[in-house]
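Asks: First, the structure itself, so that you have it in front of you.
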Amino acid sequence: MEVLWIILAVVAIFGIYLWVTYNALVTLKVRVDEAWSDITIQLKRRADLIPNLIETVRGYASHEREVFENVTKARAATVSPEALAHPAMAAEAEGMLQGALKSLFAVSEAYPQLVASQNFLELQRELTDTEDKIMASRRFFNGGVRELNTKIQQFPNNIFAKNLGFTEREFFEVENPAAIQEPPQVKF
């Protein structure tokens with residue numbers, strides 16, 4: 001009879017362990033999904049600002065067609081379904097967009113009337129604000145990914161996590177960190 005109680009106790013402890021581990025992993029997965037959603041919202045918000053920015057600059061520098069095309073292509077890449085579904089693709093698109101925006105702002109520096117334009121200044125302010133929100137969302141996302149991946153890799157969780165349907169997630173890291181060190185800015 002004692003052996004039966006011991007077996008029941010071991011099974012109960014094992015069941016409680018699986019229950020607690022599963023719930024902890026679900027919580028972390030939901031947190032990571034929420035953080036990724038925050039990033040995609042900010043990426044879309046920024047993408048919505050870029051056409052207005054292009055049109056404002058185009059009004060002063062209409063002959064800079066290649067710069068406008070590069071910004072438009074990079075913008076499209078950041079909000080493509082692939083980029084919004086995969087952090088690695090989003091990071092690659094981010095690097096392209098940052099480079100294109102720097103070119104756009106470099107062109108704008110040659111036009112003092114543009115730089116003084118209220119519309120341009122407001123768009124720049126909103127873009128900088130959005131870039132700050134993207135960086136904050138990225139930190140939150142990467143922190144959640146770190147916690148989830150750590151929980152999945154820890155022993156004995158690593159034995160059960162994959163069988164319970166949990167896989168490690170990838171971080172949202174930009175290929176060229178220097179490209180996003182600061183939001184694009186116009187210097188007066």
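We did not get these values from a lab; they are worked out from the coordinates using the rules stated. This structure is a prediction, so every number in the text was calculated from the model and none was measured. Positions of Cβ are backbone-derived with ideal geometry, glycine not excepted, and every protein chain shown enters the neighbour counts.
Asks: Compute the FRET efficiency between Ala24 and His86 as 1/(1 + (r/R0)^6), taking r as their Cβ-Cβ distance and R0 = 30 Å, and round to the nearest 0.05.
Replies: After rounding to 0.05, the efficiency reads 0.75.
Asks: A follow-up question, please. For the chain, modelled as a GNM with alpha-carbon contacts under 10 angstrom, which of Ser117, Ser137, Ser37 fluctuates the most?
Replies: Largest GNM mean-square fluctuation: Ser117.
Asks: For semi-axes √(5λ) of the Cα gyration tensor in Å, the listed values are (1) 37, 19, 15; (2) 31, 23, 17; (3) 49, 13, 11; which was obtained by calculation from the structure presented?
Replies: Among (1) 37, 19, 15; (2) 31, 23, 17; (3) 49, 13, 11, the one calculated here is (3).
Asks: Another question, if that's okay. In whole percent, what relative contact order does the chain give with Cα contacts below 8 Å and a gap of six or more residues? All intermediate terms of the calculation are to be shown ahead of the outcome.
Replies: Numbers: 175 pairs, mean separation 58.4, N = 188.
Contact order relative to length: 31 percent.
Asks: Under a 10 Å cutoff between Cα atoms, tell me which one of Val79, Val11, Val174 has the largest fluctuation in the Gaussian network model of the chain.
Replies: Evaluated over the chain, the most mobile residue of the options is Val11.
Asks: Could you point to the residue in Gly59, Ala9, Leu25 farthest towards the positive end of region 1-60's charge dipole, with +1 and -1 charges on the Cβ of Lys/Arg and Asp/Glu respectively?
Replies: Highest projection toward the positive end goes to Gly59.
Asks: Using 7 Å Cα-to-Cβ label points, what is the Ala116/His63 separation (nm, one decimal)?
Replies: 2.2 nm
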